[in-house]
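**Q** After the structure tokens below, expect a handful of questions from me.
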Amino acid sequence: MKWLIRSFLVLLVLALGAVGWWLFAAHHGDAAPVRSGQLAVGENLSDPVLIARGQYLATVGDCAACHTQRGGAPFAGGREVPTPFGSIPAPNITPDDDTGLGRWSFADFWQALHAGKGRYGEFLYPAFSYTSYTKVTRDDALAMFAYLKSLAPVHQPAKALGLKFPYSMRSGLAAWRTLYFREGVYQPDASKSTEWNRGAYLVQGLGHCNECHVARDALGGVPDQPALSGGRIPAQDWYAPDLSTQAHGGLHGWSRQDIVDLLKTGQSAKGSAFGPMAEVVSRSTRHMTDTDLAAVAIYLESLPPRPQPAVAASAIDTTALIRHGNTLYDHRCAGCHGKDGNGVAGVYPPLNGNSSVDEPTGINAIRVVLLGGFPPVTAGNPRPYSMPPFAQALNDADVAAVVSYIRQAWGNRAAPVLERDVGKYRQTPID
């Protein structure tokens, strides 16, 4: 049934491609670079102040995470971004003339960042988060471009696109963009404070937080739903939690300082960063100014309450499962996380009320038990305590039992997980 639904959706998108192109062209104009991408009189890409600002902004945008492959030169591309439709290699964005941005003008760069179009007007795949980057201001984009142009050029040709047919057909992106892409620079809300607007700009734009922290549909788009409400990261099998601090939100009970601490050090009184978020902290958020971190926290505090989640009754008797999980927890976990699940402040994160423990799917808890938990090394936490992996010590039934116990112990009220889920996530690649 899922195959039939997806096949129907693919055919529908391809059939609407021509119509979508017409609608997009009518609304957005042709593929020529937009006028605001031209350099103004007096703008100097070699200005060291502009370059330094661009370096900070590129760091906030976490550009290096995608545009640097393991062991490769920074920003030289090659890292493959996994999607449910195949892999997309990130391009070289060093100023190499033949394989990078060497021959790009600022108009080309602005068009890519703001409109999601390549140098020749071709549609870019939304693995490049232009759905968020479109909110970036022209001045910030100019600074980022100046920084990228200041880098040492690296000659590294692009890898072949790994998308499966028919997703490799760019014509289908016309309809996709009509459904999911709204071009436009961030517009400040005059009813909010300067700090709130700065946080909203960073979260919605450069930080592109909604690209992970919201559920996507079968076409990889974000339908009309509350922003930052949590979702599974496609093809990576991690769950990015809801970021509301209000009732029933994923960060309910978190203080402003808890948010700042996590983003700056990778650790807070409420939990630690691990998985993809550990890399975000390591490469990006730990380098942000305290003022910007506070602005992000202020904005997240303003997210609305969420509906109370409905916990479905288990179709199986979990009494024996939970009992076995309790035994495993006492033997394997309580020494660090405590009998009460509250951990040790500043050392071992709490499991009681942890948003990564009681998120809807159970993916995060399963994968941390299997792979271990490794917070990033930061100035504020230079020697983080890590959790060892238990993939070799525990079988699928054991992992399902201990995770189910943790998700229902103390104040947690999340659904149990199944042995077959553990087997599935055991096979998911780490990167």
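**Q** Can you name the number of the only condition in (1) of a type in the set (S, T, N, Q); (2) over 16 Å from K270 (Cα atoms); (3) not in a loop (DSSP other than H, G, I, E, B) that T361 fails?
**A** It is condition (3) that T361 fails.
**Q** If we keep just the residues of segment 371-384 that are in contact with a Pro (Cβ under 8 Å, 6 or more places away or on another chain) and assigned to a loop (DSSP other than H, G, I, E, B), which is most open to solvent (accessible area, probe 1.4 Å)?
**A** Out of the qualifying residues, it is F374.
**Q** Mind counting the residues in segment 393-431 that are in contact with a His (Cβ under 8 Å, 6 or more places away or on another chain) and in a loop (DSSP other than H, G, I, E, B)?
**A** 0
**Q** Same structure, new question: Quick one: which residue in A278, A269, A227 is open to solvent by less than 20 Å² (accessible area, probe 1.4 Å) and not acidic (D, E)?
**A** A278
**Q** Let me ask you something else. So, of the residues in segment 230-266 that are at positive phi and in a loop (DSSP other than H, G, I, E, B), which turns out to be most open to solvent (accessible area, probe 1.4 Å)?
**A** H248
**Q** Only one of (1) open to solvent by 20 Å² or more (accessible area, probe 1.4 Å); (2) assigned to a helix (DSSP H, G or I); (3) touching a strand residue (DSSP E or B) at 6+ places or on another chain (Cβ under 9 Å) is not met by T327, so which one is it?
**A** All conditions pass for T327, except number (3).
**Q** Related question: Only one of G86, G118 is more than 24 Å from E183 (Cα to Cα) and either open to solvent by 50 Å² or more (accessible area, probe 1.4 Å) or of a type outside the set (S, T, N, Q) (or both); which?
**A** G86
**Q** While we're on this one: Which of the residues belonging to segment 164-196 are of a type outside the set (V, I, T), open to solvent by 20 Å² or more (accessible area, probe 1.4 Å), over 19 Å from S244 (Cβ atoms) and not in a loop (DSSP other than H, G, I, E, B)?
**A** W176, L179, Y180
**Q** Same structure, new question: Open to solvent by 20 Å² or more (accessible area, probe 1.4 Å) and either within 17 Å of the chain's Cα centre (by Cα) or within 21 Å of W110 (Cβ to Cβ) (or both): is that true of T131 in this structure?
**A** Judged against the criteria, T131 is a match.
**Q** State whether one or more residues within segment 151-159 are closer than 30 Å to T291 by Cβ and surrounded by 19 or more Cβ atoms within 10 Å (Cβ to Cβ).
**A** Yes, segment 151-159 has at least one match.
**Q** Right, next: Determine which member of the set F145, F75 is at pLDDT 95 or above and either at positive phi or part of a strand (DSSP E or B) (or both).
**A** After applying the criteria, what remains is F75.
**Q** Can you work out which of the residues in segment 39-67 that are open to solvent by 30 Å² or more (accessible area, probe 1.4 Å) and closer than 19 Å to R286 by Cβ is nearest to the chain's Cα centre (by Cα)?
**A** Only one residue tops the list, namely C66.
**Q** Hey, another quick one. Report yes if V296 is modelled with pLDDT of 95 or more and surrounded by fewer than 23 Cβ atoms within 10 Å (Cβ to Cβ), otherwise no.
**A** No: the conditions fail for V296.
**Q** What number of residues in segment 398-423 are touching a residue at least 40 places away in the same chain (Cβ under 8 Å), more than 19 Å from Y348 (Cβ to Cβ) and of a type outside the set (S, T, N, Q)?
**A** Counting residues in segment 398-423 that are touching a residue at least 40 places away in the same chain (Cβ under 8 Å), more than 19 Å from Y348 (Cβ to Cβ) and of a type outside the set (S, T, N, Q) gives 10.
The values are calculated or read from the model by the stated rules, or taken from the named source; none is laboratory data. None of the values given here were measured: they were computed from a predicted structure. We place every Cβ from the backbone using ideal geometry, glycine too, and count neighbours over all the protein chains shown. When the accessible area is computed, the model is the full protein with side chains, heavy atoms only, and any ligands, DNA or RNA have been set aside. Shrake-Rupley method; radii C 1.70, N 1.55, O 1.52, S 1.80 Å.
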